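Have a look at the structure below, then the notes.
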Amino acid sequence: MLVLFPRWVHALRARTKEATLYVTDALEKHAARAPLYWVKAVAGVPRATIEIDSTRLYQPILGFGTALTDASCFLLSSMPTAARQAFLKEIFSPSGLNLNMGRCCIGASDYARSVYSYDDVPDDMNLEHFSLKHDEAYILPTLREIQEINPNLFLKAAPWSPPGWMKTYGTTFGGRTTENYVGPFTHSLWELTNGSMRGRGGWMSEKYLGVYAQYLEKFLHGYAQAGVQVQALTSQNEPLTAQAGMMPACRWSPGMEAAFVRDHLGPLLHAQHKDTQIWLLDHDYTYYQRVATQLQDERLAEYVDGVAWHGYRGTPDQMSLLHRNGLPFYWTEGGPFLDDPDYSTGWAKWSGIFTDVLENWCRSVITWNLMLDPRGKPNIGPYNCAGLVTLKDDGSIVRSGQYHALRHFSPHFKRDGRRIASETNVAGLRHLAVENPDGSFALTMTNPGEAKDLRIVCGGQQLCFSLPRDAVATLAW
């Protein structure tokens with residue numbers, strides 16, 4: 001049916017800017033509402049308000065992504081070709097979820113089918129037996145397939161453990177002794193006392209720092225030769241835990257990690273991989289003081305491009321205690337668990353977490369495993385994590401609340417956009433705004449409570465709408 005509007009209505013629309021509201025709640029997922037139009041702001045309106053100030057700029061946005069573990073890549077490779085391609089386009093295409101970051105593992109993590117490194121021959125100081133054969137089966141092909149869909153993929157890598165023969169179970173850097181192993185004896189005596197990536201976790205041995213830097217360089221070079229560029233890495237995933245001896249892990253003292261980056265890895269990458277960044281920590285908020293101490297070493301700081309954070313222990317505001325001199329922060333791990341009662345419905349919870357992370361200076365959000373099966377497998381470790389999505393035994397896919405939350409950030413917060421200031425008079429309402437490089441804006445709102453009528457004010461203009469209960473919404477204009 002053709003609807004005719006008076007001429008003054010068309011003139012009004014021509015003078016006002018259109019905005020689109022996308023809503024996720026119990027009834028709809030990232031659903032676009034009818035267009036909204038900015039009008040002149042009216043002062044003194046007694047209404048719940050979010051006010052945006054685009055003149056107050058904060059950190060740039062690098063992107064949003066997920067972990068492409070051995071487990072996830074294996075499950076993806078097991079899918080029928082057409083189904084896998086359709087799913088990867090949904091996740092990584094700019095017209096889909098638009099994830100433009102990934103995190104891959106250097107050797108085995110806990111979410112793998114087996115324990116493996118790229119050189120298991122003890123004391124192979126020249127790394128003559130180094131091989132990426134394991135990754136050539138399904139990890140590298142998956143990464144190449146993703147890069148074809150999104151050529152702007154930023155890939156960050158981390159090892160869960162060096163090859164077992166590079167570790168020690170007696171003393172560590174500076175003569176400090178390791179903690180006594182008190183976990184269950186789930187592995188052989190050989191694993192507990194000699195050269196295991198798993199075992200007691202163990203400490204990195206000072207003896208092998210130089211050869212380990214070469215090991216990581218060979219990984220970067222081999223991946224590049226295979227058509228996969230890695231833009232950033234950390235020297236260790238979660239360097240302050242032995243993971244109870246139940247999965248690949250390795251402990252690093254602050255001094256040893258600093259010496260490794262300052263004297264070995266940093267100079268090597270500066271000479272051969274200038275475009276690959278080095279990030280510190282890759283562990284929880286609560287360890288911010290470790291990084292603060294390390295960065296007192298000015299020679300180390302020359303090689304540090306950022307800090308990677310996990311969201312398991314501590315609080316996001318602890319990151320801001322370390323924020324100084326514009327040192328970039330990146331959130332690189334966090335995800336749901338199998339026993340979460342809100343696995344499929346926790347969009348407001350995760351949107352609130354993402355808001356906290358970005359409000360505390362992070363430039364990225366990378367979730368944990370992209371895909372796991374209904375039992376949280378493949379998994380050789382002790383934890384019961386669930387994937388961003390679950391691949392059911394019948395081939396269908398269940399999308400998590402974390403997935404639905406990401407839809408309100410990743411497609412709307414563009415790379416190199418800037419977080420801008422926003423304030424509200426509504427208790428419990430979370431909000432985060434960005435200005436994108438093309439001059440567009442986005443405001444993501446998280447409402448874990450009852451429905452609210454909102455007024456958005458920006459640049460002397462306003463618009464109004466209703467936000468449902470337990471909802472996440474993004475306003476884009």
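The values are calculated or read from the model by the stated rules, or taken from the named source; none is laboratory data. Source: prediction; values computed, not measured. Quick reminder, even Gly has a Cβ in these numbers, built from the backbone with ideal geometry, and neighbours come from all protein chains shown. Only protein heavy atoms, including side chains, enter the accessible area calculation; ligands, DNA and RNA are left aside. Shrake-Rupley method; radii C 1.70, N 1.55, O 1.52, S 1.80 Å.
Observations on the model:
- Total residues in segment 351-390, condition aliphatic (A, V, I, L, M), open to solvent by less than 20 Å² (accessible area, probe 1.4 Å) and under 16 Å from A71 (Cα atoms): 6
- If only residues of segment 49-68 that are within 16 Å of the chain's Cα centre (by Cα) and within 18 Å of I353 (Cβ to Cβ) are counted, the one that is most open to solvent (accessible area, probe 1.4 Å) is L62.
- Per the conditions (1) in a helix (DSSP H, G or I); (2) more than 25 Å from Q277 (Cβ to Cβ); (3) open to solvent by 30 Å² or more (accessible area, probe 1.4 Å), the sole criterion not satisfied by D123 is (1).
- Among the residues of segment 197-235, the one identified as open to solvent by 10 Å² or more (accessible area, probe 1.4 Å), small (G, A, S) and within 13 Å of D275 (Cα to Cα) is A224.
- Only one of D305, D317, D275 that is charged (D, E, K, R) and over 19 Å from the mean Cα position of the chain (by Cα): D275
- Matching residues, segment 99-120, being in a loop (DSSP other than H, G, I, E, B), of a type in the set (D, E, K, R) and touching a residue at least 60 places away in the same chain (Cβ under 8 Å): D110, R113, D119
- Any hit, segment 258-279, residues being surrounded by 21 or more Cβ atoms within 10 Å (Cβ to Cβ), in contact with a His (Cβ under 9 Å, 6 or more places away or on another chain) and aliphatic (A, V, I, L, M): no
- In segment 153-171, the residues that are aromatic (F, W, Y) and either open to solvent by less than 10 Å² (accessible area, probe 1.4 Å) or closer than 22 Å to A249 by Cβ (or both): W160, W165, Y169
- Residue in segment 321-350 that is least open to solvent (accessible area, probe 1.4 Å), counting only those that are of a type in the set (S, T, N, Q) and touching a strand residue (DSSP E or B) at 6+ places or on another chain (Cβ under 9 Å): T332
- Failed criterion for S109 (all others in (1) farther than 26 Å from D282 by Cβ; (2) surrounded by 23 or more Cβ atoms within 10 Å (Cβ to Cβ) hold): (1)
- Taken over segment 139-152, the criterion of being touching a residue at least 12 places away in the same chain (Cβ under 8 Å), open to solvent by 10 Å² or more (accessible area, probe 1.4 Å) and either over 15 Å from E90 (Cβ atoms) or assigned to a loop (DSSP other than H, G, I, E, B) (or both) is satisfied by P141, R144, Q147, N152.
- Within segment 69-97, tally of residues that are closer than 14 Å to L370 by Cβ, touching a residue at least 12 places away in the same chain (Cβ under 8 Å), open to solvent by 10 Å² or more (accessible area, probe 1.4 Å) and polar (S, T, N, Q): 1
- Residue match in segment 412-421 (condition: touching a residue at least 12 places away in the same chain (Cβ under 8 Å), in contact with a Lys or Arg (Cβ under 8 Å, 6 or more places away or on another chain) and under 25 Å from C362 (Cα atoms)): yes
- Near pairs, Cβ below 6 angstrom, 6+ apart or cross-chain, from segment 18-29 (surrounded by 21 or more Cβ atoms within 10 Å (Cβ to Cβ)) to any residue that is among the charged types (D, E, K, R): L21/R33
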